[in-house]
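Remarks on the structure that follows.
Read-outs throughout are calculated quantities, based only on the coordinates presented, and are distinct from any laboratory measurement. This is a predicted model, so every value here is computed, not measured. Please note: Cβ atoms are built from the backbone with ideal geometry, for glycine as well, and neighbour counts cover all protein chains shown.
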2 protein chains.
Amino acid sequence: MDKNILNQYSVLGLPASSNVRNAQYPQILPDSRVIFKTKAPQAKQVQIDLGKKYDMEIDDEGFWTVTTDSITEGFHYYSLVIDGVAVADPASESFYGMGRMASGIEIPFKGDGYYSIKDVPHGEIGMKHYYSKVTNSWRRFFIYMPPGYDKDSTKEYPTLYLLHGGGEDERGWANQGRTDLILDNLITEEKASPMLVVMMDGNFPGRGGLANFNEEVLKIFENELKNEVIPFVENNYRTKSDGESRALAGLSMGGLQTLYAGIKNTDMFANLGVFSSGWFANKPDLSKPQYAFMEQNKEKINSNLTHFFISMGGKEDIAYENCQVMLKKFDAMGIKYEYSEYPGGHSWPVWRHDLHKFAQLIFKN
Amino acid sequence: MDKNILNQYSVLGLPASSNVRNAQYPQILPDSRVIFKTKAPQAKQVQIDLGKKYDMEIDDEGFWTVTTDSITEGFHYYSLVIDGVAVADPASESFYGMGRMASGIEIPFKGDGYYSIKDVPHGEIGMKHYYSKVTNSWRRFFIYMPPGYDKDSTKEYPTLYLLHGGGEDERGWANQGRTDLILDNLITEEKASPMLVVMMDGNFPGRGGLANFNEEVLKIFENELKNEVIPFVENNYRTKSDGESRALAGLSMGGLQTLYAGIKNTDMFANLGVFSSGWFANKPDLSKPQYAFMEQNKEKINSNLTHFFISMGGKEDIAYENCQVMLKKFDAMGIKYEYSEYPGGHSWPVWRHDLHKFAQLIFKN
């Protein structure tokens, strides 16, 4: 029997929805294990890095394959590692993450598919250039406009400013996050209020990774948000501009930016969402002034904030310990917050879930 | 002297604007040669493929480098080839082209930078989902809305339907093509009329590359364009809906789609743009019925078309011979057209130029 015919029928998997057109691999098995396959006859070693590294094995025709463990529902970054070099897999779509264009794989739903594309009214994501006097450069944001935004030119909307993580950029929530589909579905079910969602670029020159993360870059971020992005958005889109109608949220690095700029400006933002984040327990230079500010202003903070939502991707989240230390400080000070835990670690399945939950809390009055 | 300090000062190049954040390579020298550099200590062979393949050389620390020939202004696809596997370079942004996420490098302007971001009013590119009954699936288009589109809710706009090439998708013109910046600049200078530009997905199931390109998939495309995309756009955006206010244009495969659906529907489109394309001279099965249709309808075609713009990336364009054969047929039939040639071959610098030229011709009445 022809070997190709055998191959054709010996696999029960289906190509991932995150594959590029016509790519047959990666394939996802019914139990959410994934078969990866890459042609590299001259390579000495090929691996798949999904956080956990999997060694691939080569066949006579130069194809390397491996079947992974079962992977949880939703979006996961991964790399193909060819002779020690981590690159994007040519068989998959790429996404800006880990500071470069990385591969992503979408594992099908076990749950109800709250971020799937459904037969509901769809909003639109716009890409907008603006000039920042803070950075003296052109920058870009993405903005989700809910269904019907373009129909009624008098209606004004509340606005969620939504921040990506380190190594990502303004594309994170629009692509990896599926913000538009999550909101389209929630708005249709009347579980969330129609809102604008602004996905800005939270990266600033001079920052070289979280190791160099300090109050100076947080101040630049706050300046950009308050003096460039919000005025531009409120001048160019139909927004409500009271604190109750603004929310600020972010994941990981974006959670720190939210903690910093949100807590300092609770008169501007009545709703804060901090996903998989927390002040570094081992960086008192950064965190001590924040806690001191909160201690001094706790009545104002508690009174201004309608929702202070803090979430964690379970104990396996790399930010878990920092977050717990921070929450103990909040408790000691009497700072009020809502805490949510969802398993999955420091990953996009958790952050999609967090957005889905946070969007249902805010803008309800 | 410390070797790192020497390295720091021994290079006159600047990181390309298409690099991912903080990536120091590729670097572009003043004469537009490019230095590529990649760490791959375990690899046996590393190359850069820019159409021409360049062998890289490894140093003691495992860095592979090469300096290319001088590269022409604008956007070029390239691959990093590690031990024979062509992948995207982790140091650069990726773009969907060649049927996968490929690297792109942006070579700085020699000319006036008509596609650079300038201090002019900026439109917006929207990403829109729609359900196609033709393909029974959700599809996506990008739409450029000119500056001011959201300000005056009564104004209607002419619309250019703009098609990508083979191995690309709806992202091609929005990202690689810089359609928004080209139009923003032209509209500000009053060289082009404010217009909508719809960048649809021209790929359809079952097509396996240009080798399988046939009338059946062209019919599916025509059906999708006429019965799904145009009605959706005209119902959801403020468009003028007469033939004079519609244009259809495309590059390479998109040029064939324009030749097919545009010529058959000159009552719907008074303006056609065919960039780097032409009916295959060696595929009479496909081209003969098209020429027969044109022969039968030449008076109508000539009378309906205000602009039939055909362009070529010089003699080095892979479509050059097909195009010349086609133009001779047109001449013999008496079909009127405008022909433009711009050097650069079958490449994005040529197609950006073609859009820049075509957009100035259309919608002038």
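Quick notes on this one:
- Shortest-first nm distances, B:Lys300 label point to equivalent points in other copies (7 Å, Cα→Cβ): 7.4
- Look at where the Cα atoms of segment A:32-94 and of segment B:117-194 average out, and the two centres are 36 Å apart.
- Relative to the dominant Cα principal axis of chain B, helix B:284-296 is inclined by about 40°.
- Integer Hz, Karplus 6.51/-1.76/1.60 couplings in order for segment B:60-76, x for Gly and Pro: 5, 9, x, 8, 9, 9, 7, 10, 7, 5, 5, 10, 6, 3, x, 8, 9
- 222 nm mean residue ellipticity, helices alone, for chain A (DSSP H n ≥ 4; -39,500 (n - 2.57); rounded to 500): -7000 deg cm²/dmol
- Part-to-part distance (alpha-carbon centres) for segment B:222-263 and segment A:308-351, which is given in Å: 50
- Overall form of segment A:292-358 per C-alpha gyration tensor (a/c, 1.5; a/b vs b/c): oblate
- Summing Cβ point charges (Lys, Arg +1; Asp, Glu -1) relative to the Cα centre of segment A:28-99 gives a dipole of roughly 160 debye.
- Under-5 Å amide H pairs with B:Ser277, H placed in peptide plane, nonlocal only: B:Ser252, B:Ser311
- Neighbour-count ranking [beta-carbon atoms within 10 angstrom, fewest first] of A:Met98, B:Met145, B:Met333: B:Met333, A:Met98, B:Met145
- Dipole of the protein assembly as shown computed with +1 at Lys/Arg Cβ and -1 at Asp/Glu Cβ about the Cα centre; of A:Ser340, B:Val34, A:Ser276, farthest Cα towards the positive end is A:Ser340.
- Normalised contact order of segment A:28-123, rounded percent, pairs of Cα under 8 Å and 6 or more residues apart: 25
- Prolate/oblate/rounded call for segment A:244-337, Cα gyration tensor, a/c under 1.5 rounded: oblate
- Contact order normalised by residue count of chain B, Cα under 8 Å, 6+ apart, percent: 12
- Backbone phi angles across segment B:41-48, fed through the Karplus curve with coefficients 6.51, -1.76 and 1.60 (θ = phi - 60°), yield HN-Hα couplings of x, 8, 6, 8, 8, 10, 10, 10 Hz in residue order; Gly and Pro are listed as x.
- For B:Phe75, the residues whose amide H sits under 5 Å from its own are B:Ile107, ignoring neighbours fewer than 5 places away on the same chain, with H placed 1.01 Å from N.
- In nanometers and ordered shortest first, the copy-to-copy spacing of the B:Glu321 label point, defined 7 Å from Cα toward Cβ, is 6.7.
- Angle in degrees between helix A:348-361 and the longest Cα principal axis of chain A, rounded to the nearest 10: 30
- 10 Å Cβ neighbours from other chains, averaged over peptide A:148-156: 2
- Using θ = phi - 60° in the Karplus curve 6.51 cos²θ - 1.76 cosθ + 1.60, the 3J(HN,Hα) couplings for segment A:251-267 round to 10, 6, 3, x, x, 5, 4, 5, 4, 6, 6, x, 5, 6, 9, 5, 6 Hz; x is entered for Gly and Pro.
- Folded to 0 to 90 degrees: helix A:320-333 orientation relative to chain A principal axis, Cα: 20
- Annotation for B:Asp285, label-to-label distances across the other copies: 7.1 nm (shortest first, one decimal, point 7 Å from Cα along Cα→Cβ).
- Charged-residue dipole, Cβ positions (Lys, Arg, Asp, Glu), the protein assembly as shown about Cα centre, Debye nearest 20: 680
- Average other protein chain Cβ within 10 Å of Cβ, residues A:98-106: 4
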